[in-house]
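Each remark here refers to the structure printed beneath this line.
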Amino acid sequence: MIFSPLPPFSGKPVPRKEGLAKVSGQARYIDDLSFPGIIHGTTVRSHIPRGIIRSISFGEGIPWEEFAIVTAKDIPGQNAIALILNDQPCLAETLINHAEEPVVLLAHHDRYLLEVARRSVSIEVDPLPPVLGIDESLSRKEIVWGDDNLLKVCELNKGNVDEIWSQADFIVEGEYETGAQEQLYIEPNGMVATVDDNHGITVWGSMQCPYYVQKALMALFDLSAERVRVIQAETGGGFGGKEEYPSMIAAHAALLSWKSRKPVKLIYDRAEDLVATTKRHPSRTRHRTAVRKDGKLLAMDIDFVIDGGAYATLSSVVLSRGTIHAAGPYACPNVRIRSRAVATNTPPHGAFRGFGAPQSIFALERHLNRVAAAVGLTPEELRRRNFLEQGMTTATGQVIRDKIDLRGLLDYALQQSGYHEKKRSFSQHNRTSTLKKGIGFAAFMHGAGFTGAGEKQLASVVGVEAMANGRIRILSASTEIGQGTNTIFAQMAADALSISLDCVEVAQPDTGTVPNSGPTVASRTCMIVGKLVESAALSLKQTLVGSGLLRAGYSSQDFCEACAEYVRRWGPLKSMVQYQQPPEIYWDEVAFQGDAYRTYTWAVYVAEVSVDLTTFEAQVDDFVAVQDVGQVIHPVMAAGQIQGGVAQGIGFALYEKVVWNDGRMLNHQMTNYIIPTAADVPPIRVFFVGGSDARGPKGLGELPMDGPAPAIVNAIEDAIGVSINHVPLMPEDLMKMVGAG
Amino acid sequence: MSTDMPLVNVPKVRVTLTVNGERQSVLVHPMARLLDVLRQELELTGTKEGCGEGECGACSVFLNGDLVNSCLVPVLQVDGAELVTIEGISRDKRWQGLQQSFVQHGGAQCGICTPGMILAAVNLLQRIPNPLEADIRQSLAGNLCRCTGYVKILDAVAQAGRDMTDES
């Protein structure tokens, strides 16, 4: 039987709420839903990275009168996917800015005929020279966005770096690059839309953020919130990939349904999902670091650039997170970080676990190994001499209020991984073997929740409702996408009320029934929304106590009876609470100064690798992940989040290369875009430390994405003695580097 | 949808299959994939599509006892065949422990790969009742998971193997 623990439930591995439905194949994802009279939709795209649409023609031999056909002219409201700047069209009308720009939508009940029809639509485009890559965009030979190709610029200053260079014993420079990465949730994106005159538009789909989709549809159709209902179906992974692009797919499905007056299902196949949807922003980071001969960092001057693709979408916020994380968990008195998100003619890059931080942290944690080498210290000693401590300030001038012990984390990680012994034995081993072994680590932090004033602006709302059957139901827009939302919310509510887990239900996110708890992103679900769940639950209890139906010392059964009785006597009972920003938090969005995040998680990850100098394959043999994430609500799910993130980080470092050709992803198949399999991943040993004295849970979902790539590349450098400055690091890269060295 | 130009306006064909012990007769497009017939005609939606090209294993089913990717099987080739899907496995008491082990060990996160993973694990445990970690890694390497980093899936299968061996 499945383990069924006693209260309190927090800290225990209670069974996943929807676990049995998932293991038995009963869980219903978007493509599993069926509606009477449903027809299928498809998207006709440009295939040219930049140009002007001259004409659209529909080929012969297709019964076009049977099809629903939608172009930009059919859009009732604003032709944009509303997000931050609303610069991305829902359907291109004149200008083509990337090769997967949607232009025409088609729907038909016969999926085979629909595919033939899609190929029979020709879009004639007068091509313009595309801007591909960061350097081309910065050169401004062609302007493809705004006046200067700059989607967003940030500058952060602490102290004054320019006064320091002359005092430095060493100045170390370096340049680092990271590639695009696909989220590769195993369930491709998809939506179903229905339109009817009484209710307006209803959309079901695979998504992280129902209220983002609602906002986009309201602007697109010029409808009020009451006329647009968005319901999350069971969602087969997201990792950021279902943060903003689902609004596009929902918009397309809804337009086809609007036109045809039939339910429309629009499911991407893998190839379309890979070419058209968002990926991690490629990046380039330049470091110039002043350091004293004792290893003390004096000044860090960092230039960070990310490729945002054709439209602004989320690039401004990805850039700000990447910028704030670029100086890492180190106390340096003088820091300047200048960063830019640039426009190019590739499909927009977007949210992906880590959200800019994995890029800038890769650069820093590679660079600090070079700084250590320049000074003549070990990588661990250099970091030990510069770690942030309680009371010190970060690059944004944020005072660290939490009790943190980064030296302790480092020592523990090095001890668990056998770092020092392995370093010695590998150097012995490598003298006689062509299988070179190495070990390396990275130290890092991740800001939990939205950046800066984000949480205050979101002002998230959560409800808890008493039901006639005596149970309570949590009303939140936070989606379960595999990370355990349903289960941890139930644990937190049950513990807040001292009731049994069985008494707690979690509503499926549906804008018709749940309030806007903000998007399911930024490692905010447990820390921000979970705390609101607790507050709403406690407020519901107060009402029950105030009504006289619930008395101190109640049992779980008494509580349920009180709920049922309340509803029977007086009708529905809901308690709603809204996020209030703690008063001590201050953030200056212009100067990038202040409390960038309410709190941070801290980690040291150690990777052990082997590099085969015959095949030039690199393999991760062991991985130790030590972190302080505050209170752990569900130890098994929390460890599972870390392990899954580490595996994605291994992919980011060694396997996952997006091959671009003229602004299009060439390897748009699982056959040639390679993610780690069960045979590739090492044991991933997870340790949570220092959480006992924390003030509750912090976010942990994104943290594990930040550390693996630099830890692995540091280990590869240890193995083969070649300095490597980019990921993904493919065997052909290693072959060239070792050959050149 | 496949990348080759599909046939249109072609007459449907009748195919007879035994699925999870029940005889089924369906009228389908001659190029239909077994995956689509299971999901659309027979409404057995526990079998998932992740890639459509036999890489991810989400569409795994047993075909005459062999584990196959149903996205790569033209339904015409399996007329008269015997199939078992995740729905059939879920009704089979022998595998309840395996499914519960997935829940207990955190082997299912988003769940989309899980039916395929369970079928691959069944395939392994039928051959090797108490497998070593290397056996499990090898046997599940054709099923991609993006959530777990596989560690907890390996734990779940190993525990299920131990439990089944203890019981027998």
Under 6 Å by Cβ, and 6 or more places apart or on different chains, what pairs join a residue from the range A:367-391 that is under 19 Å from A:His325 (Cβ atoms) and touching a residue at least 40 places away in the same chain (Cβ under 8 Å) with one that is crowded, with 19+ Cβ neighbours inside 10 Å and among the hydroxyl-bearing types (Ser, Thr, Tyr)? A:Val371/A:Thr289; A:Asn386/A:Tyr330
Considering only residues that are surrounded by fewer than 17 Cβ atoms within 10 Å (Cβ to Cβ), in contact (Cβ under 8 Å) with a residue 40 or more places away in the chain and among the hydroxyl-bearing types (Ser, Thr, Tyr), look in the range B:8-57 and name the one that is farthest from B:Asn143 (Cα to Cα). B:Thr16
Filter the range A:165-207 for residues that are in contact with a Pro (Cβ under 7 Å, 6 or more places away or on another chain) and more than 27 Å from A:Arg28 (Cβ to Cβ) and give the result. A:Thr178, A:Gly179, A:Ala180
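How about the range B:81-113: which of its residues are part of a loop (DSSP other than H, G, I, E, B) and at the interface with chain A (Cβ under 7 Å from one of its Cβ atoms)?
B:Gly106, B:Ala108, B:Gln109, B:Cys110, B:Gly111, B:Ile112, B:Cys113
Restricting to the range A:547-564, give me the number of residues that are outside any loop (DSSP other than H, G, I, E, B) and on the phi > 0 side of the Ramachandran plot. Explain how you work it out, then say what you get.
Let us first name the residues in the range A:547-564 that are outside any loop (DSSP other than H, G, I, E, B), namely A:556-564.
Within this subset, residues satisfying the condition of being on the phi > 0 side of the Ramachandran plot are none.
Going through the range A:547-564 one residue at a time, the tally reaches 0.
Could you list, in sequence order, all residues of the range A:89-108 that are in contact with a helix residue (DSSP H, G or I) (Cβ under 6 Å, 6 or more places away or on another chain) and outside any loop (DSSP other than H, G, I, E, B)? Give the steps one after another, and end with the answer.
Just the residues of the range A:89-108 that are in contact with a helix residue (DSSP H, G or I) (Cβ under 6 Å, 6 or more places away or on another chain), to begin with: A:90-91, A:93, A:100, A:105-108.
Matches in the range A:89-108: A:Leu105, A:Leu106, A:Ala107, A:His108.
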When you go through (1) outside any loop (DSSP other than H, G, I, E, B); (2) touching a Cys at 6+ places or on another chain (Cβ under 7 Å) one by one for A:Ile186, which number turns out not to apply? (1)
Quick check, is A:Asn86 at positive phi, surrounded by 14 or more Cβ atoms within 10 Å (Cβ to Cβ) and outside any strand (DSSP E or B)? yes
Mind telling me which of the residues A:Val606, A:Val533 ends up being surrounded by 16 or more Cβ atoms within 10 Å (Cβ to Cβ) and in contact with a Ser or Thr (Cβ under 6 Å, 6 or more places away or on another chain)? A:Val606
Restricting the range A:183-199 to residues that are touching a strand residue (DSSP E or B) at 6+ places or on another chain (Cβ under 8 Å) and within 14 Å of another protein chain (Cβ to nearest Cβ), which is nearest to A:Ile231 (Cα to Cα)? A:Val192
Please pick out the residue among A:Ile52, A:Ile96, A:Ile69, A:Ile84 that is in the same structural domain as A:Gly200 (by TED's automatic domain parsing), in contact with an Asp or Glu (Cβ under 9 Å, 6 or more places away or on another chain), under 28 Å from A:Glu244 (Cβ atoms) and touching a residue at least 12 places away in the same chain (Cβ under 8 Å). A:Ile52
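Quick check, is A:Val658 under 20 Å from the mean Cα position of the chain (by Cα) and in a loop (DSSP other than H, G, I, E, B)? Don't jump to the end; show me each part of the working.
Values: under 20 Å from the mean Cα position of the chain (by Cα): yes; in a loop (DSSP other than H, G, I, E, B): yes.
Yes; evaluated as a whole, the condition is true for this residue.
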For the range A:695-731, which positions are of a type in the set (Val, Ile, Thr), surrounded by fewer than 24 Cβ atoms within 10 Å (Cβ to Cβ) and part of a helix (DSSP H, G or I)? A:Ile720
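Out of the residues in the range A:111-141 meeting the condition of being within 14 Å of chain B (Cβ to nearest Cβ) and among the hydroxyl-bearing types (Ser, Thr, Tyr), tell me which one is surrounded by the fewest Cβ atoms within 10 Å (Cβ to Cβ). Please lay out each step first, then the result.
First pass over the range A:111-141, keeping only residues within 14 Å of chain B (Cβ to nearest Cβ): A:111-120.
Imposing the further condition that a residue be among the hydroxyl-bearing types (Ser, Thr, Tyr) reduces the set to A:112, A:120.
Numbers: A:Tyr112: 20, A:Ser120: 16.
Selected residue: A:Ser120.
Of everything in the range A:593-615 that's in a loop (DSSP other than H, G, I, E, B) and more than 22 Å from the chain's Cα centre (by Cα), which residue is farthest from A:Cys526 (Cα to Cα)?
In the first step, residues of the range A:593-615 are kept if they are in a loop (DSSP other than H, G, I, E, B); the result is A:595-598, A:613-615.
Narrowing further to those that are more than 22 Å from the chain's Cα centre (by Cα): A:613-615.
Numbers: A:Leu613: 45, A:Thr614: 46, A:Thr615: 44 Å.
Result: A:Thr614.
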Kindly provide the set of residues from the range A:427-446 that are surrounded by 23 or more Cβ atoms within 10 Å (Cβ to Cβ) and either assigned to a helix (DSSP H, G or I) or at pLDDT below 95 (or both), ordered by number. none
Looking at the structure I just gave you, is A:Arg45 away from chain B (no Cβ under 14 Å) and out of contact with any Phe, Trp or Tyr (no Cβ under 8 Å at 6 or more places or on another chain)? yes
Could you go through the range A:447-464 and let me know if any residue there is assigned to a helix (DSSP H, G or I), over 27 Å from A:Gly512 (Cβ atoms) and at pLDDT 95 or above. no
Inspect the range A:479-500 for any residue being among the hydrophobic types (A, V, I, L, M, F, W, C), buried (at least 23 other Cβ atoms within 10 Å of the Cβ) and in a loop (DSSP other than H, G, I, E, B) and give the result as yes or no. yes
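Out of the residues in the range A:648-670 that are over 16 Å from A:Met730 (Cα atoms) and without any contact (Cβ under 8 Å) to a residue 40 or more places away in the chain, state the one that is surrounded by the fewest Cβ atoms within 10 Å (Cβ to Cβ).
Quick first cut of the range A:648-670, residues over 16 Å from A:Met730 (Cα atoms) only: A:661-666, A:668-670.
Imposing the further condition that a residue be without any contact (Cβ under 8 Å) to a residue 40 or more places away in the chain reduces the set to A:661, A:666.
Working: A:Asn661: 11, A:Leu666: 13.
This residue is A:Asn661.
From the list A:Gln214, A:Gln208, which one is touching a strand residue (DSSP E or B) at 6+ places or on another chain (Cβ under 6 Å), more than 26 Å from A:His109 (Cβ to Cβ) and not hydroxyl-bearing (Ser, Thr, Tyr)? Full working, then the answer.
On the way: A:Gln208 fails: touching a strand residue (DSSP E or B) at 6+ places or on another chain (Cβ under 6 Å).
Checking each option against the conditions leaves just A:Gln214.
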Would you confirm whether any residue within the range A:402-416 is on the phi < 0 side of the Ramachandran plot, touching a residue at least 12 places away in the same chain (Cβ under 8 Å), assigned by TED's automatic domain parsing to the domain that holds A:Thr614 and exposed (fewer than 14 other Cβ atoms within 10 Å of the Cβ)? yes
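Matching residues to (1) within 8 Å of chain A (Cβ to nearest Cβ); (2) at pLDDT below 95; (3) under 14 Å from the mean Cα position of the chain (by Cα):
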position	(1), (2), (3)
B:Gly21	no, no, no
B:His29	yes, yes, no
B:Thr45	yes, no, yes
B:Val73	no, no, yes
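With the condition being under 15 Å from A:Pro188 (Cβ atoms) and in contact with a Pro (Cβ under 8 Å, 6 or more places away or on another chain), I'd like the strands (runs of 3 or more DSSP E) fully within the range A:208-305 carrying at least 1 qualifying residues. Lay out the reasoning, then the answer.
Values: elements: A:228-232, A:264-267, A:283-291.
Per the criteria, A:264-267.
The values are calculated or read from the model by the stated rules, or taken from the named source; none is laboratory data. Just so you know, these numbers come straight off a predicted model, no measurement behind them. As a convention, Cβ positions derive from the backbone with ideal geometry for all residues, glycine included, and neighbour counts pool all protein chains shown.
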